[in-house]
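Colleague: For reference, the structure I am asking about is given below.
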Amino acid sequence: MTEVPLSWEPPRPERADAARNRRQLLDTARLMLAEAGPDNLTMDALAERSGLGKGTVFRRFRTRAGIFQALLDDSERELQQHVLSGPPPLGPGAPPIERLIAYGRARVAWLFRNRDVARFTLDGRQPIPGPAQAPASQIHIQVLLREMSLPGVNLGLLAVQLTAALDGPLLLYLSAGTLTAGRDDAERELGAAWQNLVERVCRP
């Protein structure tokens, strides 16, 4: 299996005007979501509300689903920042298995917070909510696995499998019924299931 690089790449540098437009569009999109929900966040409405041209919006996002994907990516950068420099056990300084457990719990919580946005990243062209695993998540998990003593284990494949257990489509499938009934309980149960999985797989 091909090795994944063991570092997260910083975002590509943007021109100042492009970065300013991106921030304005994302801030406006979040405001529109809070005011009227995801059904009313369209390309045309975002262009009108932001005061930027339709061409700017279409070049930035390409499709309506692209708006939601950009919102999701922007939110994930905050989680990555906590992983890179936040307090342990999510951030550096704790044993790798504790960091892996904390990361899974944090990502489950993040998925719940962004559940509606994640649903709207699907634009109908996907046959199912497919395996769009976050590369940064897989990289981080593989880094932590390499710090553990797991002889005879294919760490690359294990990282892929653990990443899949935290992938968004899991919530997209489950949230239609069970999860919407009791979000707090469901979030706790999924976090506990992740901890149980990690402890069974990664403890000697």
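Colleague: When you scan region 100-175 for helices (runs of 4 or more DSSP H) that lie fully inside it, which ones turn up with 3 or more residues that are at pLDDT 85 or above and under 14 Å from the mean Cα position of the chain (by Cα)?
Modeller: Those helices (runs of 4 or more DSSP H) span 135-146, 155-165.
Colleague: Still on this structure, please answer the following. Which is at pLDDT 95 or above and under 26 Å from residue 109 (Cα atoms), of 71, 46, 33, 90?
Modeller: 90
Colleague: Here's a check for you: in region 45-61, which residue that is without any contact (Cβ under 8 Å) to a residue 12 or more places away in the chain and in a helix (DSSP H, G or I) is surrounded by the fewest Cβ atoms within 10 Å (Cβ to Cβ)?
Modeller: Within region 45-61, the match that is surrounded by the fewest Cβ atoms within 10 Å (Cβ to Cβ) is 55.
The values are calculated or read from the model by the stated rules, or taken from the named source; none is laboratory data. Just so you know, these numbers come straight off a predicted model, no measurement behind them. Ideal geometry is used to build each Cβ from the backbone, glycine not excepted, and the neighbour counts take in all protein chains shown.
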